[in-house]
Amino acid sequence: MKNGYDVAVCGGGFAGISAALAAARMGKKVILFEKEYLLGGLGTAGLVTIYLPLCDGYGHQVSFGIAEELLKLSIHYGAEARYPANWLDGIGSKTENEPRYMTQYNAQLFAILAEQLLLREGVEILYGSYVIGVKLEGDKIRSLTVVNKSGTLDYSVRSVVDATGDCDIAHFANAPTDTFKQGNVLAAWYYFADKEGYRLRQLGASDTPEEEKKDKETKPLVARRFSGLCGKELSEQVCLSHEIQLNDWLKKRATNPETVIATLPTVPQIRMTRKIVGEYVLAYTEEHTYFEDSIGMVSNWKKRGPVWEVPFRTLYNKAIKNLLVAGRCTSVNETLWDVMRVIPCCAVTGEAAGTAAAMSDDVSTLSVKELQAVLRKNGVILHEKEVL
Ligand SMILES: Cc1cc2nc3c(=O)[nH]c(=O)nc-3n(C[C@H](O)[C@H](O)[C@H](O)COP(=O)(O)OP(=O)(O)OC[C@H]3O[C@@H](n4cnc5c(N)ncnc54)[C@H](O)[C@@H]3O)c2cc1C
């Protein structure tokens, strides 16, 4: 048994990076377990490099704190596209015709910069380390079981943030969880390069059956849908996407012989799998609703206008008192899931979960007011009335 960590963050995607950063800045001893050898999750290894908006689309920024810090970090050496110049110079878009506060970044650079940032802040990163189970003591996780090149080891922990994207830790701990019943369409995004540069090809872009019907361009690549929670099915998903990527490139090469496939994703491109059933389930229809326990705000990447305050209660279930979830597995209803799963929202929930995990090992006694005070001190704005 390895001892001595205040906060263990499981998963190093945008949610895990944000959680680890927030917890380390509270002066805690933090370890981050990541099964790959790269930070960023879907946002780097998955080649999803579009940092969706921090604003409502009508000139109001709503997501702040680490969500904004990571956006700026992602374009430290320049953006790939959609550069939010009008925001970064402090002016902000005033009309709905101006671009929203979003960007496109280079995955590899972001992964390196995020790693350097976490190391500077004192986070211990353990790559190639798959969390495969938990040991419980009453209603708390006492240790995490981790497999890596050294073998299988138990890490005793005080608080845990589940940022696995798939709610693995909550599932291992028998906390209430729910799955994405309709399943995910196949995605086969990849980067190609030719004389005109290095570019993202977004194949299989749609998320919902309604959108597929609306837009012929985004019709499903295959009829099948994927749960993202079965080892065999995930391998089949990856093989199918490879086949589609190859055929797509062959078509390009027929007219443009200089085209090459530049980068393939190294994690399956699956959007929604499993989420916690928290103390509160936030609904799509609760846009513009005031929540006293808000830990930050998110906007709708699909359309201008809607803003949600995110209740702290969506990040935990009291069944396991020292576990918080962050990222694409927080407690939202089926319709809101497609909004809450995106990068800025993952950073917002990651920062709150990491801060809370650093403050207490018991969500039921944690003072929400104190949590909110720390978030505010770190630049997070909690309520819509404060930005309008
Ligand atoms: C095809 C596609 C297109 C998308 N388009 C966009 C877009 O344009 N813009 C946008 O903002 N979002 C987009 N998204 C959504 C967004 O990329 C993800 O939802 C978001 O990045 C999820 O972040 P996360 O940190 O919650 O999870 P992930 O990015 O999934 O990170 C989880 C991390 O945990 C690790 N992990 C998992 N299980 C374990 C374990 N048991 N032990 C140790 N490590 C583990 C994984 O390796 C991974 O690094 C898209 C997603 C897909 C699939």
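The values are calculated or read from the model by the stated rules, or taken from the named source; none is laboratory data. No experiment lies behind these values; they were computed from the predicted model shown. Every residue, glycine as well, gets a Cβ built from its backbone with ideal geometry; the counts of neighbours run over all protein chains shown. Quick note on the areas: whole protein, heavy atoms, side chains included, nothing else; ligands and nucleic acids left out. Shrake-Rupley method; radii C 1.70, N 1.55, O 1.52, S 1.80 Å.
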Seminar exercise, completed: Mean projected area (nm²) from the convex hull of Cα positions in region 130-270 is 11.8 nm²
Exercise. Relative to the compact globular guide of 2.2 N^0.38 Å, what is the alpha carbon radius of gyration of region 7-63, as a ratio?
Worked result: 1.36
Seminar exercise, completed: the chain: relative contact order from alpha carbon pairs under 8 Å, six or more residues apart, as a whole percent, is 23 percent
Seminar exercise, completed: Rounded to the nearest 500, the 222 nm mean residue ellipticity computed for the chain from DSSP H runs (n ≥ 4, each -39500 (n - 2.57)) alone is -8500 deg cm²/dmol
For this session: At 7 Å along the Cα-to-beta-carbon direction for both ALA319 and ARG201, put a label point, then send me their distance in nm to one decimal.
Result: 4.3 nm
Exercise. If you take the Cα atoms of region 326-385, find Rg, then find the Kirkwood Rh from the mean of 1/r over all pairs, what is Rg/Rh?
Worked result: 0.99
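What's the FRET efficiency of GLU96 with VAL147 using the Cβ-Cβ distance as r and R₀ = 45 Å, to the nearest 0.05?
0.35
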For this session: Just list whichever of LYS72/LYS251; LYS35/LYS377; LYS181/LYS232; LYS140/LYS232 have alpha carbons separated by over 25 Å in the model shown.
Result: LYS72/LYS251; LYS35/LYS377; LYS140/LYS232
Exercise. Once both labels are modelled 7 Å past Cα along the beta-carbon direction, what's the TYR127-ASN256 spacing in nm?
Worked result: 3.1 nm
Exercise. Taking the Cβ-Cβ separation of ALA223 and THR289 as r and a Förster radius of 30 Å, what is the calculated FRET efficiency to the nearest 0.05?
Worked result: 0.20
Exercise. Which cross-chain or sequence-distant (5 or more) residues have an amide H under 5 Å from the amide H of ASN106, H modelled 1.01 Å from N in plane?
Worked result: GLU80
Exercise. Once phi is turned into ³J(HN,Hα) by the Karplus curve 6.51 cos²θ - 1.76 cosθ + 1.60 with θ = phi - 60°, what whole-Hz value does each residue of region 80-86 show in order, with x for glycine and proline?
Worked result: 7, 5, 6, 5, x, 4, 5
For this session: Sort out the exposed loop GluC sites (Glu not before Pro) in the chain (DSSP loop, at most 11 other Cβ within 10 Å) and tell me the longest stretch that has none.
Result: 1-195
For this session: Counting other Cβ atoms within 10 Å, keep those with at most 13, restrict to DSSP loop, and tell me which trypsin sites (Lys or Arg not before Pro) in region 112-172 are left.
Result: LYS149
Exercise. Which whole-number percent of Cα pairs in region 1-160 have a distance greater than 18 Å?
Worked result: 61 percent
Exercise. Taking Rh as the Kirkwood radius computed over C-alpha pairs, what is the Stokes-Einstein D of the chain at 10 °C in a medium of viscosity 1.306 mPa s, expressed in µm² per second?
Worked result: 75 µm²/s
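Computed over the Cα atoms, what is the radius of gyration of region 35-108 divided by 2.2 N^0.38 Å, N being its residue count?
1.13
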Exercise. When the accessible area of the chain is computed with all protein chains present and a 1.4 Å probe, what percentage of it is carbon and sulfur?
Worked result: 53 percent
Problem set entry | HN-Hα J in Hz across region 125-138 - Karplus 6.51, -1.76, 1.60, θ = phi - 60°, x for Gly and Pro | 9, 10, 7, x, 10, 9, 7, 10, x, 10, 10, 9, 10, x
For this session: Show the residues, 5+ positions off or on another chain, whose built amide H is closer than 5 Å to the amide H of ALA262.
Result: TYR191, PHE192, ALA193
